[in-house]
Amino acid sequence: MAPLPPIKIATWNVNGIRARASQVVEWVDQEQPDVICLQELKAELGQIPEECKHPDYHAFWHTRKGYSGVSLQVRKVLLEGDPIFSHPSFDMESRIVQVELGDVVIASVYVPNGGKDYPAKLSFMTELTAWARRIQSEGRGLVVCGDLNIARTDLDVHPRERKPNAVGQRRDERALFESLFSTGLVDLGRVFDPDNPDLFTWWAPWRNLRARNIGWRIDYLLASPGVAAGAQRCVVRADVGTSDHAPVVVVTG
């Protein structure tokens with residue numbers, strides 16, 4: 001597998017692209033990512049704000065009216081031609097879009113929350129793991145970006161928020177999450193900040209929890225070993241925007 005060129009990959013659950021349009025534009029202008037992964041667009045294709053369609057990027061908007069939706073955008077200078085965007089067959093709710101950069105597949109992923117249909121969340125995680133294993137078995141690298149809606153361990157949840165039976169912390173979904181890692185994927189957030197008990201990406205939108213940093217880590221950048229070996233840093237932009245999630249950014253090369 002050829003390594004990725006030096007690039008910056010950023011992911012953000014915007015919790016409504018129309019509500020956050022100006023913030024997305026400001027963030028992209030400041031961050032200057034080479035690959036942008038967005039989740040929870042909550043808009044149909046015709047409702048995507050024009051200002052979010054940056055001319056420097058190839059973009060795919062995988063949308064669904066008022067619900068879920070993901071986007072993947074690649075800076076045009078990274079590719080000689082138009083990229084081929086696609087989504088795997090198990091994606092039934094506009095929750096995943098993927099693109100190939102050379103020998104590496106990058107995916108923007110929004111795992112179901114599971115609060116209304118928990119079995120569907122478990123099924124999605126099972127299919128996601130099989131997909132990740134298949135891609136890597138073909139000799140291709142993989143980067144999974146997005147809101148995976150599971151706190152990997154108790155370290156990823158503020159002590160005040162730890163509830164063993166809460167969706168996002170249950171033993172069976174965490175076991176499925178670890179199955180995803182068993183494919184070889186590396187949790188870049190913890191590679192660069194392994195023991196930080198205050199590393200969160202989502203805060204419930206009440207009681208000023210974000211300002212108090214009482215949150216969960218459920219947004220991730222995961223990479224296959226060859227890609228992870230080239231990662232230089234992975235950071236959470238906790239001060240960006242008014243979504244209940246923060247962007248996560250990795251720099252490789």
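The values are calculated or read from the model by the stated rules, or taken from the named source; none is laboratory data. Predicted model, so just to flag it, every value in this text is computed and none were measured. In this analysis, Cβ positions are derived from the backbone assuming ideal geometry, glycine residues included, and neighbour counts consider all displayed protein chains. In case anyone asks, the SASA skips ligands and DNA or RNA and just uses the protein heavy atoms, side chains included. Shrake-Rupley method; radii C 1.70, N 1.55, O 1.52, S 1.80 Å.
If residue 36 meets every condition in (1) within 16 Å of the chain's Cα centre (by Cα); (2) more than 30 Å from residue 116 (Cα to Cα) apart from one, which number is that one?
(2)
Report the residue count in region 199-236 for those that are surrounded by fewer than 21 Cβ atoms within 10 Å (Cβ to Cβ), under 17 Å from the mean Cα position of the chain (by Cα) and over 16 Å from residue 156 (Cα atoms).
Qualifying residue count, region 199-236: 2.
Across region 150-184, which residue is farthest from residue 131 (Cα to Cα) among those that are open to solvent by 50 Å² or more (accessible area, probe 1.4 Å) and small (Gly, Ala, Ser)?
The extreme case among them is 175.
Residues in region 191-200: is at least one touching a Leu at 6+ places or on another chain (Cβ under 7 Å) and over 23 Å from residue 91 (Cα atoms)?
Yes: region 191-200 contains one or more residues that are touching a Leu at 6+ places or on another chain (Cβ under 7 Å) and over 23 Å from residue 91 (Cα atoms).
Out of curiosity, is residue 81 surrounded by fewer than 22 Cβ atoms within 10 Å (Cβ to Cβ), without any contact (Cβ under 8 Å) to a residue 24 or more places away in the chain, in a loop (DSSP other than H, G, I, E, B) and over 16 Å from the mean Cα position of the chain (by Cα)?
For residue 81, the condition - surrounded by fewer than 22 Cβ atoms within 10 Å (Cβ to Cβ), without any contact (Cβ under 8 Å) to a residue 24 or more places away in the chain, in a loop (DSSP other than H, G, I, E, B) and over 16 Å from the mean Cα position of the chain (by Cα) - is met.
Quick check on my filter: what residues within region 232-253 are in a loop (DSSP other than H, G, I, E, B) and charged (D, E, K, R)?
Looking only at region 232-253, we keep the residues that are in a loop (DSSP other than H, G, I, E, B), and these are 237-244, 246-247, 253.
Passing the criteria: 237, 239, 244.
From 109, 97, 105, grab the single residue that is hydrophobic (A, V, I, L, M, F, W, C), in contact (Cβ under 8 Å) with a residue 60 or more places away in the chain and part of a strand (DSSP E or B).
109
Among the residues that make up region 150-171, is at least one of them within 13 Å of residue 125 (Cβ to Cβ) and touching a residue at least 60 places away in the same chain (Cβ under 8 Å)?
yes
Determine which single condition residue 251 fails, assuming it passes every other condition in (1) within 21 Å of residue 181 (Cβ to Cβ); (2) open to solvent by less than 30 Å² (accessible area, probe 1.4 Å); (3) among the β-branched types (Val, Ile, Thr).
That leaves (1) as the condition not met.
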